[in-house]
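Undergrad: Dropping the structure in here first, questions after.
The values are calculated or read from the model by the stated rules, or taken from the named source; none is laboratory data. For clarity, every value in this text was computed on a predicted model and none was experimentally measured. Note that we place each Cβ from the backbone using ideal geometry, even for glycine, and neighbour counts take in every protein chain shown. Calculation scope for accessible area: heavy atoms of the full protein, side chains included, ligands and nucleic acids excluded. Shrake-Rupley method; radii C 1.70, N 1.55, O 1.52, S 1.80 Å.
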Amino acid sequence: MPRSGRRRAPLMPLVAALLAQAALPGMAGADPLDPGGRWTANARGQAPVPPMGWNSWNAFNSDIDEAKILGSAQTLVSSGLAKAGYTRVNIDDGWWLKRRTRDGRLVIRTAQFPSARVAGGQADDTSFRPLTDRLHAMGLKAGIYSDMGRNSCGQIYTADFKNQPEGSVAEREIGLYGHVDQDIRLFFKEWGFDLIKVDGCGIRGLPADSPRVRSGLYRAFPSLIDMQSIGRTDVAAVRALYTSVADALERERPGGDYLLSLCLWGSADVRAWGKDLGNISRTSDDITPHWGRMLTNFDTAARRELYAHPGSWNDADMLFVGQGDFDEAHPTEARSHFALWAMINSPLVIGYDLRKLTPGLRAIFGNTDIIALNQDPAGNQAVIAYDSDDVQFLVKTLADGTKGVALFNRSAVPAAVTLNAGQLKFRDDAAITLTDLWTRATTRFTGKQDFTLAPHQTLIFRASGARRLADGLFLSEQPGRVNPAVDGVVARRPDPTIHHSVTAWSGTRGAGEHVQYSGWGGSRADRAVFGQVLRVGGTDYDTGLGVLAGSRLEVRNTGFRRFAAEVGMDDAAAQARGTLRFEIYGDGKLLASTDGVAFDRAARPLTADVAGVRIIELVTRATGGSTDDPAPAVWANARLLR
Ligand code: GLA
């Protein structure tokens, strides 16, 4: 959906008040690189592993009703998919009738949701409680959908939208803006929902000069988000609004029994802060059932391996398995889509009318070995071990030390590939066993193994072998325990590496797809910040963390005694002025540091005793030289040792 704003928004009173609240006393002037001694990525809500379930949007758009929702819910249970983990049933856009003006209470479309009628009540007294009770009785959880602004995506961007809210301008203001506490209480306390997806169209698509405002359909809302321009996006205001929702959830469900789904499509620099606030955070605009669009959505999340952790996952959008390029006539594409989402720890949310579920689709959704990769308790998003426009290898380190491995052919022609032991961080002189997670066939090899990938095929394996680091873990194998609390990005830029597909909403009108989705640069596992190989003083490193000067990473330690790395300025530094200082902190105390690290010098060893430390912080500071163009730096072979 093409969405652009014209003018930088003047602050609205509510947003200004939220911003003032968000500025904590005593924070002014604090150096963000100083250690905090704590893990700051989101730990609220309930998402220790990526959520799984079903959502109505890809199946029905806004043309939803109770029979469709319950039909899919019943199939989740009867087919065994609920047992396999798909327990969340999420109602997307299309459920609102209006917001009644006398008390601001939201009213459900009872024509579509008959159980929402309150017996003996007035016509506009409605409740989703009977529906959520039924879902809960089936062992499922229930999710609801809203928007951060006054109006929803469907109202703003879709001309032929079914089930549009009705009534006056005020009655059609069904979004959260100005009603956060009231609506969150209604959804979570009164109606018993367990999840909320909060879209952002209402704070993006209704500037005063937009046709729908001009025609009197909706009230204007100054655009806080410009998808094409981070400079014209009010990141702080967007963040303050979403923070108000997270806080309201915490108040209504102090036990943390809820899930907050952020839907900002990678805009508003959400990569940097969504992980501190939400349980899942969309990285791109909507997926469609096309191969090219699946590539786009995959790419927006695949290089953000350090920005996802237990409690806060990258959301590449819902699965389109079952439709279009991923229907039963295209099992290779359907399996690839599913395998890739599992590997990058994206939520596994089915977007198919499950009343039509076939054994073939059931076999894809229900592949318990692949689900187990996604649901692994270590929570490590796969790291890209081999990268190209045609073929990618993804490797995901599991809690038991084995690996999930995906060999992905993006192209439309067969690809001959070779997998090396080193790409798995396994020893190349000991046997490696791969189990194919679709066929259960096993392959044993030492050193390297050849494969031929069919067009669009993803081979997906569980791999075991002798770990290269026998007495510990490389941090780049453990993105789930590394949080770039400050990633050092000063110039927020769109990511140029994302596949540019023809979108369903603009077709080939205009100049073509361009770079967007701010999130270029920042911390990476086994790569330099802009995608190069890690390289210090002419030496390549296949293992380590690539960071920017001016960064602070938090690392969860669970019983390891030593931290070690070789540190240096990355050869990718274009402006080789100044020097770097590397610091290791343990629970807020400085443990080790090295100063005066200059360009084109060999990496220096830096180690610290971390026995008993819970949070290690790795700080890279620029000392001298410009901080406008921070140098890329390397924590090569960064590792935790027993
Ligand atoms: C946006 C979201 C979608 C869906 C629709 C509903 O486009 O990104 O996932 O919720 O709104 O209108």
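Undergrad: Within the range 76-117, track down each residue that is surrounded by fewer than 20 Cβ atoms within 10 Å (Cβ to Cβ) and touching a Pro at 6+ places or on another chain (Cβ under 7 Å).
TA: Passing the criteria: only 115.
Undergrad: Also, I was wondering about something else. Every residue in the range 426-467 that is acidic (Asp, Glu) and surrounded by 15 or more Cβ atoms within 10 Å (Cβ to Cβ), please.
TA: Within the range 426-467, just 428 meets the criteria.
Undergrad: Mind checking which helices (runs of 4 or more DSSP H) fall wholly inside the range 307-376 and carry at least 1 residues that are open to solvent by less than 10 Å² (accessible area, probe 1.4 Å) and of a type in the set (S, T, N, Q)?
TA: Because the criterion is at least 1 residues that are open to solvent by less than 10 Å² (accessible area, probe 1.4 Å) and of a type in the set (S, T, N, Q), the helices (runs of 4 or more DSSP H) in the range 307-376 that meet it are 331-343, 368-374.
Undergrad: Continuing with this model, one more query. Being touching a strand residue (DSSP E or B) at 6+ places or on another chain (Cβ under 7 Å) and closer than 23 Å to residue 18 by Cα is the filter here; which residues of the range 180-194 pass it?
TA: 183, 186, 187
Undergrad: Which residue pairs have Cβ atoms under 6 Å apart, sit 6 or more places apart or on different chains, and have a first residue in the range 527-542 that is within 20 Å of residue 487 (Cβ to Cβ) and a second that is buried (at least 17 other Cβ atoms within 10 Å of the Cβ) and β-branched (Val, Ile, Thr)?
TA: Partner pairs satisfying both residue conditions: 534/634; 536/634.
Undergrad: Quick one: count up the residues across the range 148-196 that are small (Gly, Ala, Ser), closer than 23 Å to residue 66 by Cα and within 24 Å of the chain's Cα centre (by Cα). Give the steps one after another, and end with the answer.
TA: Initially, the range 148-196 is screened for residues small (Gly, Ala, Ser), giving 149, 152, 154, 159, 167-168, 170, 175, 178, 192.
From what's left, closer than 23 Å to residue 66 by Cα: 152, 154, 167, 175, 192.
This time we only want the ones that are within 24 Å of the chain's Cα centre (by Cα), so: 152, 154, 175.
So the answer is 3.
Undergrad: May I ask you to say which residue of 512, 522 is of a type outside the set (A, V, I, L, M) and crowded, with 22+ Cβ neighbours inside 10 Å? Outline the logic, then answer.
TA: On the way: 512 fails: crowded, with 22+ Cβ neighbours inside 10 Å.
Checking each option against the conditions leaves just 522.
Undergrad: What's the number of the only condition in (1) touching a Lys or Arg at 6+ places or on another chain (Cβ under 7 Å); (2) under 29 Å from residue 334 (Cβ atoms) that residue 455 fails to meet?
TA: In the conditions (1) touching a Lys or Arg at 6+ places or on another chain (Cβ under 7 Å); (2) under 29 Å from residue 334 (Cβ atoms), residue 455 misses (1) alone.
Conditions tested, residue by residue: (1) out of contact with any strand residue (DSSP E or B) (no Cβ under 7 Å at 6 or more places or on another chain); (2) free of Cβ contacts under 8 Å to residues at least 60 places away in the same chain.
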site	(1), (2)
552	no, no
571	no, yes
588	yes, no
591	no, yes
605	no, yes
623	no, yes
635	no, no
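Undergrad: Restrict the check to the range 153-168 and report whether at least one residue is open to solvent by 10 Å² or more (accessible area, probe 1.4 Å), at pLDDT 95 or above, away from the ligand (no atom under 16 Å from the Cβ) and on the phi < 0 side of the Ramachandran plot.
TA: Yes, there is a match, as at least one residue in the range 153-168 is open to solvent by 10 Å² or more (accessible area, probe 1.4 Å), at pLDDT 95 or above, away from the ligand (no atom under 16 Å from the Cβ) and on the phi < 0 side of the Ramachandran plot.
Undergrad: Take the range 58-74 and flag every residue that is within 12 Å of the ligand (Cβ to nearest atom) and open to solvent by less than 20 Å² (accessible area, probe 1.4 Å).
TA: 58, 62, 64 - these are the residues of the range 58-74 that are within 12 Å of the ligand (Cβ to nearest atom) and open to solvent by less than 20 Å² (accessible area, probe 1.4 Å).
Undergrad: (1) touching a residue at least 60 places away in the same chain (Cβ under 8 Å); (2) over 18 Å from residue 178 (Cβ atoms); (3) within 16 Å of the ligand (Cβ to nearest atom): which one isn't true of residue 109, the others all being true?
TA: (1)
Undergrad: Condition first: in a loop (DSSP other than H, G, I, E, B) and surrounded by fewer than 19 Cβ atoms within 10 Å (Cβ to Cβ). Now tell me which residues in the range 579-606 satisfy that.
TA: 587, 588, 598, 600, 601, 602
Undergrad: Still on this structure, I have one more. Between residues in the range 37-60 that are acidic (Asp, Glu) and residues that are more than 16 Å from the ligand (Cβ to nearest atom) and in a loop (DSSP other than H, G, I, E, B), which pairs lie under 7 Å by C-beta distance while being six or more apart or on different chains?
TA: Correct list of pairs: empty, since none qualify.
Undergrad: Just one of 301, 342 is more than 16 Å from the ligand (Cβ to nearest atom), closer than 22 Å to residue 49 by Cβ and among the hydrophobic types (A, V, I, L, M, F, W, C); which is it?
TA: Residue meeting the stated conditions: 342.
Undergrad: Among the residues that make up the range 118-130, is at least one of them within 28 Å of residue 80 (Cβ to Cβ), more than 16 Å from the ligand (Cβ to nearest atom), surrounded by fewer than 23 Cβ atoms within 10 Å (Cβ to Cβ) and over 23 Å from the mean Cα position of the chain (by Cα)?
TA: Looking for residues that are within 28 Å of residue 80 (Cβ to Cβ), more than 16 Å from the ligand (Cβ to nearest atom), surrounded by fewer than 23 Cβ atoms within 10 Å (Cβ to Cβ) and over 23 Å from the mean Cα position of the chain (by Cα), one finds at least one in the range 118-130, hence yes.
Undergrad: Of the residues 423, 478, which single one is under 28 Å from the mean Cα position of the chain (by Cα), closer than 19 Å to residue 544 by Cα, open to solvent by 30 Å² or more (accessible area, probe 1.4 Å) and not aliphatic (A, V, I, L, M)?
TA: 423
Undergrad: If you check every pair at least six apart or on different chains, which have Cβ atoms under 7 Å apart with a residue in the range 322-342 that is among the small types (Gly, Ala, Ser) first and a residue that is at pLDDT 95 or above and assigned to a helix (DSSP H, G or I) second?
TA: 322/361; 334/326; 334/364; 339/370; 342/370; 342/371; 342/373; 342/374
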